[in-house]
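The values are calculated or read from the model by the stated rules, or taken from the named source; none is laboratory data. Remember, predicted model here, so these are calculated numbers, not experimental data. Cβ coordinates were reconstructed from backbone atoms using ideal geometry, including for glycine residues, and neighbour counts include every protein chain displayed.
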Amino acid sequence: MLSRVANNLFWMDRYMERSYGLLNLIKTNYNSTLDSGDYSSWNKIMQTYLGIQSEREFTSHQDSISIILYMLFDDSNPNSVLNMIIKARENARSVQEHISRELWLSVNKFYLHLSQDNISVKYKKNDPITIVNELLQFNHIYYSVADITQERGNAYCFMNLGKYLERVVQSVDFVNIRISDLNQKEENLYESYFFKNLLISIGGYQLYLKTFKSIFNIENIIEMIVVNESFPRSIIYSVNKLQVHIKRLNEFNKINNRDLIFTVGKLKNSLKYTTISSIKSQGIDEFLEEIKIALNQISVNINRTYFYQTY
């Protein structure tokens, strides 16, 4: 397999995972604004995901509608869902020999749906969440098709490297957007829609209720998102999966790169022995920044190890 092919497989899944995360974030933030009447949360989302520092204050439901339209369908926005799926499709088209036909068709159908001439008009006439839910179904189909049709070889491992690296980056960003102070009073948390929507945005709300009942406790939320190895969108779960697929790729291709194994293993062990008290003493911002630095190093080592040579 050419390194170019490996890179395209990697980015195909990164873009699909990124679109999925953004759609969930849009959905839950929109619902949150309806519940709370506070539209200021769009500012941080636009800054984090679009690199836009808006000086304007968002104060109305119409602001939400305009922002969502921009994040979904605006082709001038390089980080819109439309452009992510265009990039995912370009990568998928270039590696059709290495993915199942069903997987290619699922990506292509997602692209064709987004490319409809009247989709923006349809959006404006309907509740935005109806449209977002439609788009999320294409992501669900993609993941299901990949699971049941893709052979478990090099291609599958490169796809999963992209998926889980993107997922862990998004989990860190979600926490960064929603949580800035670990010492907030619990009575305020209980009344807040804030944390409920954080959990919903990463698919962890039901698991949280089963595990901790209905009381929103910030320490429990951090524990689940960071170190719960059973939660598929936790930080440690994604790091564990990265390690699994890196080991498989190294075995398949007889690669012995200690730098990549070391950086992933170091982050995994750091998370494994992390406690809430240690995060509190360090500060959530500094803790998340350390994870970001480690993820950046892992990304650099993945590029250096797999995408500069032929397999």
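Results, tabulated for the structure shown:
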read-out: Selected residue [surrounded by 14 or more Cβ atoms within 10 Å (Cβ to Cβ) and closer than 30 Å to PHE252 by Cβ] from VAL95, VAL81; value: VAL95
read-out: Scope the stretch 271-311; condition among the polar types (S, T, N, Q), within 15 Å of GLN170 (Cα to Cα) and touching a residue at least 24 places away in the same chain (Cβ under 8 Å); matching residues; value: SER299
read-out: Some residue of the stretch 49-58 being over 16 Å from ASP127 (Cα atoms) and in contact (Cβ under 8 Å) with a residue 40 or more places away in the chain; value: yes
read-out: Verdict on SER19 being of a type in the set (Ser, Thr, Tyr) and farther than 30 Å from LEU112 by Cβ; value: no
read-out: Filtered residues of the stretch 177-200 (kept if surrounded by fewer than 18 Cβ atoms within 10 Å (Cβ to Cβ) and either part of a helix (DSSP H, G or I) or at pLDDT 90 or above (or both)); value: GLU186, GLU187, ASN188, LEU189, TYR190, GLU191
read-out: Residue match in the stretch 48-61 (condition: surrounded by 14 or more Cβ atoms within 10 Å (Cβ to Cβ), among the aliphatic types (A, V, I, L, M), assigned to a helix (DSSP H, G or I) and in the same structural domain as ARG89 (by TED's automatic domain parsing)); value: yes
read-out: Some residue of the stretch 123-139 being surrounded by fewer than 16 Cβ atoms within 10 Å (Cβ to Cβ), part of a helix (DSSP H, G or I), at pLDDT 95 or above and over 20 Å from the mean Cα position of the chain (by Cα); value: no
read-out: Test: residue in the stretch 230-237 that is of a type outside the set (Gly, Ala, Ser), surrounded by 15 or more Cβ atoms within 10 Å (Cβ to Cβ), at pLDDT below 90 and not in a loop (DSSP other than H, G, I, E, B); value: no
read-out: Flag if ILE298 is exposed (fewer than 13 other Cβ atoms within 10 Å of the Cβ) and under 30 Å from VAL5 (Cα atoms); value: no
read-out: Within the stretch 99-114, tally of residues that are buried (at least 22 other Cβ atoms within 10 Å of the Cβ) and in a loop (DSSP other than H, G, I, E, B); value: 1
read-out: Selection count, the stretch 70-98, where residues are outside any helix (DSSP H, G or I) and either within 18 Å of the chain's Cα centre (by Cα) or hydrophobic (A, V, I, L, M, F, W, C) (or both); value: 4
read-out: Matching residues in the stretch 94-149 - criterion: being over 18 Å from GLU17 (Cβ atoms) and of a type in the set (Phe, Trp, Tyr); value: TYR123
read-out: Residue within the stretch 161-176 that is outside any helix (DSSP H, G or I), of a type in the set (A, V, I, L, M), modelled with pLDDT of 75 or more and under 30 Å from ALA6 (Cβ atoms) present; value: no
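For (1) of a type in the set (A, V, I, L, M, F, W, C); (2) surrounded by 17 or more Cβ atoms within 10 Å (Cβ to Cβ), each residue gets a yes or a no:
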| residue | (1), (2) |
| --- | --- |
| LYS247 | no, no |
| GLU251 | no, no |
| THR274 | no, yes |
| LYS280 | no, no |
| GLY283 | no, no |
| GLU286 | no, no |
| ILE293 | yes, no |
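This table checks each residue for (1) of a type in the set (Phe, Trp, Tyr); (2) within 24 Å of ARG233 (Cβ to Cβ); (3) assigned by TED's automatic domain parsing to the domain that holds HIS245.
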{"residue": "SER80", "(1), (2), (3)": "no, yes, no"}
{"residue": "GLU102", "(1), (2), (3)": "no, no, no"}
{"residue": "LYS125", "(1), (2), (3)": "no, no, no"}
{"residue": "ASN160", "(1), (2), (3)": "no, yes, yes"}
{"residue": "PHE174", "(1), (2), (3)": "yes, yes, yes"}
